[in-house]
Each structure stands twice: as structure tokens, then as C-alpha cells.
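Asks: My questions will all concern the structure given below.
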Amino acid sequence: MTARCVMVLGTTSGAGKSWLTTALCRHYARMGLKVAPFKAQNMSNNARVVAGGEIGSAQYFQSLAAQAEPDVRMNPLLLKPEADTRSQVVLMGQVSEALSSMPWRGRSLHVWPQIAAALDALMAENDVVVIEGAGSPAEINLHASDIVNMRVALHARARCLLVTDIDRGGAFAHLYGTWALLPAEERALIHGFVLNKFRGDASLLAPAPQMLQDLTGVPTVATLPMWWQHGLPEEDGVFDDRSRASGAVNKTIAVIAYPRISNLDEFQPLKNVPGMRLIWARTPADCAGADWIVLPGSKATAADLAWLRTQGLDRAIAAHAAQGGAVLGVCGGLQMLGEALIDMHGIDGNAPGLGLLPLVTQFDLQKTVRHTHTVFGALHGAWAALSGVAAAGYEIHHGQTAQHPAMAAGGDVAREVLPAGLGWQNAAGNVLGVYLHGLFEDPRVMHALFGATAPTLETVFDGLADFIEKHVEPGVLEQLIAP
């Protein structure tokens, strides 16, 4: 079995590569084909636990859309930014300290053989491999060391779609400029242009698509309307859509959007709950009037905690909690809610915590990466609805958290509400901290908290496939995988 490869390239980050790749995975799977996704290198702090370690969340969702078992070959290289000039490098699911300390351009020579081997293995096992590029293939300063865009396309002899965000303006210039900057052998792999996030009367686009085809020989094969609620999380970062909610707003959740926020995709189900408004909070004003404040995961907990204090968010969170408002900390957020962060190995940094839970976190060299199934114990107050609820999720963390010995001796004890050091609640009942990612993706948790059932991922994936089947020119998707 040697797969046909379809690749989705973008003129920029945020053009729509990830969701279009996901839609193609489901489309080809619905044709009865064996399908796998692939992205050679992903830079994201959104990661999922799979067989062999961790991969970017986008490839995890794409594998589910393809009805395939997620594994590390689908995203062999994952870069998890820890600062503007430093990332943790995850190769084939495992952290590589040697690669993490290596210069960017020198790294490609070392990782390309494993990337190519992973792609070759997927091609040998599947009918179709749907490949996602990264950023733009026309970043000419990076072209010589490219391991994620056109080098992959050439290796796979992929038929490529180039997608652009027309809502930003300059779409035809983006498409033409990207095409023009590529060498001839790479241009030949581009089989269609896609206009994404279009609003208005599509007939007004003429004669631009035909003019672009006259210049490049490449047809515009789809004009995709703006679609705010496709149901997938944004991969590359927080996109502020605070004003959107289904129906009248009856609950507002403010998620603190610190610079190194991680696993933000796990909050997507909250956006699908009728009457729920989700705010990405960067200032105290963003938290005003919120029913819940959530401290999400972080790839740089101590640094993000310092940022939070600089913004004055520490005082806003403390005031919210003092008034009985619900506060939830997930993973790095749990660590921030404690008394102190202790780092004896130079992993993350030492810092005083927010002091809302009597806990201390110590960072270990060993990274915990695993799926977890657990059951909540007895909770009270704001989180009582979770009492006895079974939950499944995943853990990705260096820190190990426990009761603060001195405070416990003094009577200030956190109630352990999840076994094995996975979760605690304060005495008042309104502050909860857990290590378990993915809570809101568990229907049991959603039903307990909101009495609501969010759309399932299967519904989301089928909706994506329906959308592209409606708006892509007839026959194009089949031609992309034709012999």
C-alpha cells in the first residue's frame, strides 16, 4: 500500500490549514479509504498524549477525524515554546534535551531522517495521507532548512492546496506572491488555490480568480464562507471572540490568557454550550463579572505567574475568590494557586504562588505524560456537582504537588478530591485545582456541571467534511487522490 498524499499549505499562519486538513481527513475516511494525517513539525503548546508520547493537538484531532489511532509518527517533531527564543523539542513523542539546545538551522539536518521515515511508514500503511504545512512555504529565509513544507511535499510527491485568509485582505497577492517565490519544481505541486473566510457576494470576486489562473496556471478550487463555529479549537493561539455565545448569556467564564498558555484547545467544548460566554482574560477588567475564573496550563509556569502579577490579575483572582467566586486551576494553573513553586533543576523557575490553596509544587526532571481515568471524591460548594463523577483526561507536567507541611500542621488543609495527587479543593469550596487536562471534553463532566451535552467530535468532523464537500468545486477532492 502506497498512499496518495494531499497537502494543505497556507500563505500565512491562521489561514485555515489545520481545520481544512481535518476536514479532508474525514472526507477521505468517509470514502472508505484508510487515512492518516501528518505534520512534520508543529510549533504549539497544545499537545495530546498518544501511543509513544505526545503530539500536537491538531494532529490528534486530525487522526480522530481520519478514524485512525493517533501515534507519534503523525507529528514527529513538536516544538513547545518556553520563551521567545527557546523551545522544548519533542522528537517522536519524547523530549530531546540535545535538540532543545541546538541552533534552529542545525537541527533540521539531525531530524529530517526521522521525519522522512515517519512519513514513509504512514504512506506504506495507508491509502491517503493528508499533510499539513506550517506557516508559509515561501519563507525564503528558512527555505534552505525547510523540513515541514515543500521538502515534505517533494518527498511525498504531494498534490497541494494553497489556502489564504481573504478576510484579512490582500488574498490574491498572498497567493500569487507565495506561488512566485517557490522554485519551479515546487510550484508544479500546487494544484489549487483556496479562499477561506469569505464574507459577501462571491460573484464580486471576478475576474480575479481567472486572472490569477492566467498568471499561474493554478485554478481557484474553493471559496469557503466565513464560519465562526466550526467546532475545532484554534491551533496557533488565542483568537478573541468574547462577544459570541449561543443564545442569551447565562454564564461567563474568564480563562487567563498568559503568554505561554498551553492546551487551550481543551476549553473549546465550553464555547459550544448554549448561553456560555468564554473570555480570554488579559487584564483585571476582563475578569469583571465572570462567574468562573480559570487558570489554564502553562509551558512556563513561573514566567506566566510573573506576567499575571504584572498585569494585576493576581489581585483580581484573589478578590474574585474572596467574594466566593469559583476559581479553577488546571495543571500549571493548579501550581500557581498554591503557596510556592520550587525548582531545584532549572526546569521552570522558583516563585511564590497565589496562596489560594495550601500546596507546594516541586519540579522534577522526569516529565509525566499519560492518559488518566479517575473519579472525583466528595466536593462541596461551587464544585459539588462533580462529586462522584468519573472523568478521563491526560497529564503532561514536570511538577509534583503536595500539601504544604507547615500549613497543614496549622490546620489549613486542602481537601484532596482526586486520588494520587491529581486534585484539591480549598476549605471554602470555591477554589479547585486539578492536574487533569481534558475535563471539559468528557461528556460526564459537562453534564454534571452544565446539564448540557456539547456536540460530539464525530458531529464536528462530519460537519467539516460536509462543509468542504459543499463548497469545493465538484471533482477536485477526488482528482487530488487520483492515480
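The values are calculated or read from the model by the stated rules, or taken from the named source; none is laboratory data. Since we're looking at a predicted model, the values are computed, not measured. Backbone-built Cβ (ideal geometry, glycine too); neighbour counts: all protein chains shown. Note: areas computed on protein heavy atoms with side chains; ligands, DNA, RNA excluded. Shrake-Rupley method; radii C 1.70, N 1.55, O 1.52, S 1.80 Å.
Asks: What strands (runs of 3 or more DSSP E) completely inside the range 351-420 contain at least 1 residues that are more than 30 Å from Met92 (Cβ to Cβ) and of a type in the set (D, E, K, R)?
Replies: Here the list reads 415-418.
Asks: Next up: Would you be able to say whether some residue in the range 63-82 is farther than 30 Å from Asp304 by Cα and among the hydroxyl-bearing types (Ser, Thr, Tyr)?
Replies: yes
Asks: What tally of residues in the range 442-455 results from selecting those that are open to solvent by 70 Å² or more (accessible area, probe 1.4 Å) and assigned to a helix (DSSP H, G or I)?
Replies: 3
Asks: What number of residues in the range 291-319 are open to solvent by 10 Å² or more (accessible area, probe 1.4 Å), closer than 29 Å to Ala47 by Cβ and not small (Gly, Ala, Ser)?
Replies: Total meeting the criteria: 8.
Asks: Mind checking which residues of the range 177-211 are open to solvent by 70 Å² or more (accessible area, probe 1.4 Å) and under 29 Å from the mean Cα position of the chain (by Cα)?
Replies: His191, Arg199
Asks: Restricting the search to the range 319-340, which residues are of a type in the set (D, E, K, R) and more than 21 Å from Ala351 (Cα to Cα)?
Replies: Listed by number, the list is empty, since nothing qualifies.
Asks: Sticking with this one: Could you check the range 152-176 and list, in sequence order, the residues that are without any contact (Cβ under 8 Å) to a residue 60 or more places away in the chain, on the phi < 0 side of the Ramachandran plot and surrounded by fewer than 21 Cβ atoms within 10 Å (Cβ to Cβ)?
Replies: Leu154, His155, Asp167, Phe172, Ala173, Tyr176, listed by residue number.
Asks: Out of all the residues in the range 57-69, which are surrounded by fewer than 24 Cβ atoms within 10 Å (Cβ to Cβ) and under 15 Å from Val128 (Cα atoms)?
Replies: Residues of the range 57-69 surrounded by fewer than 24 Cβ atoms within 10 Å (Cβ to Cβ): 60, 64, 67-69.
Scanning the range 57-69 gives Leu64, Gln67, Ala68, Glu69.
Asks: Looking at the range 325-348 only, could you name the residues that are open to solvent by 20 Å² or more (accessible area, probe 1.4 Å) and either closer than 12 Å to Trp424 by Cα or in a loop (DSSP other than H, G, I, E, B) (or both)?
Replies: Glu339, Met344, His345, Gly346, Ile347, Asp348
Asks: I would also like to ask the following. Right, Ala36: aliphatic (A, V, I, L, M), open to solvent by 10 Å² or more (accessible area, probe 1.4 Å) and modelled with pLDDT of 95 or more or not? Outline the logic, then answer.
Replies: On the way: aliphatic (A, V, I, L, M): yes; open to solvent by 10 Å² or more (accessible area, probe 1.4 Å): no; modelled with pLDDT of 95 or more: yes.
So Ala36 fails the test.
Asks: Could you list, in sequence order, the residues of the range 254-272 that are β-branched (Val, Ile, Thr) and either open to solvent by 10 Å² or more (accessible area, probe 1.4 Å) or over 19 Å from the mean Cα position of the chain (by Cα) (or both)?
Replies: If the condition is that a residue be β-branched (Val, Ile, Thr) and either open to solvent by 10 Å² or more (accessible area, probe 1.4 Å) or over 19 Å from the mean Cα position of the chain (by Cα) (or both), then Ile261 is the only one that fits.
Asks: Ok, one more. Which condition breaks for Ile396 when tested against (1) open to solvent by 10 Å² or more (accessible area, probe 1.4 Å); (2) over 26 Å from the mean Cα position of the chain (by Cα)?
Replies: (2)
Asks: Right, here's the next one. Against the definition (within 26 Å of Pro81 (Cα to Cα), touching a helix residue (DSSP H, G or I) at 6+ places or on another chain (Cβ under 7 Å) and open to solvent by 10 Å² or more (accessible area, probe 1.4 Å)), how does Ala281 come out, yes or no?
Replies: Answer is no for this residue.
Asks: If you go through the range 124-131 one residue at a time, do you hit one that is touching a residue at least 24 places away in the same chain (Cβ under 8 Å), touching a strand residue (DSSP E or B) at 6+ places or on another chain (Cβ under 8 Å) and surrounded by fewer than 20 Cβ atoms within 10 Å (Cβ to Cβ)?
Replies: yes
Asks: Given (1) open to solvent by less than 10 Å² (accessible area, probe 1.4 Å); (2) on the phi < 0 side of the Ramachandran plot; (3) not aromatic (Phe, Trp, Tyr), where does Met102 come up short, assuming only one miss?
Replies: Of the numbered conditions (1) open to solvent by less than 10 Å² (accessible area, probe 1.4 Å); (2) on the phi < 0 side of the Ramachandran plot; (3) not aromatic (Phe, Trp, Tyr), the odd one out for Met102 is (1).
Asks: OK, next. Is it the case that some residue within the range 456-470 is modelled with pLDDT under 95 and in a loop (DSSP other than H, G, I, E, B)?
Replies: Yes, because at least one residue in the range 456-470 is modelled with pLDDT under 95 and in a loop (DSSP other than H, G, I, E, B).
Asks: Working only within the range 458-468, note down all residues that are touching a residue at least 40 places away in the same chain (Cβ under 8 Å) and open to solvent by 70 Å² or more (accessible area, probe 1.4 Å).
Replies: If the condition is that a residue be touching a residue at least 40 places away in the same chain (Cβ under 8 Å) and open to solvent by 70 Å² or more (accessible area, probe 1.4 Å), then Thr459 is the only one that fits.
Asks: Could you list, ordered by first residue, the pairs with Cβ atoms under 7 Å in which the first is in the range 432-454 and closer than 17 Å to Asn250 by Cβ and among the hydroxyl-bearing types (Ser, Thr, Tyr) and the second is at pLDDT below 95 and open to solvent by 30 Å² or more (accessible area, probe 1.4 Å), at least 6 apart or interchain?
Replies: Note: pairs meeting the criteria are Thr453/Pro443; Thr453/His447.
Asks: Looking at (1) at pLDDT below 95; (2) open to solvent by 10 Å² or more (accessible area, probe 1.4 Å); (3) over 30 Å from Gly177 (Cα atoms), which is the only condition Val90 fails?
Replies: Single failed check for Val90: (2).
Asks: For Ile140, state whether it is open to solvent by less than 50 Å² (accessible area, probe 1.4 Å), in contact (Cβ under 8 Å) with a residue 40 or more places away in the chain, of a type outside the set (D, E, K, R) and not in a helix (DSSP H, G or I).
Replies: no
Asks: How do the helices (runs of 4 or more DSSP H) wholly within the range 183-291 filter down when requiring 1 or more residues that are farther than 21 Å from Leu162 by Cα, among the charged types (D, E, K, R) and modelled with pLDDT of 95 or more: which remain?
Replies: Those helices (runs of 4 or more DSSP H) span 284-287.
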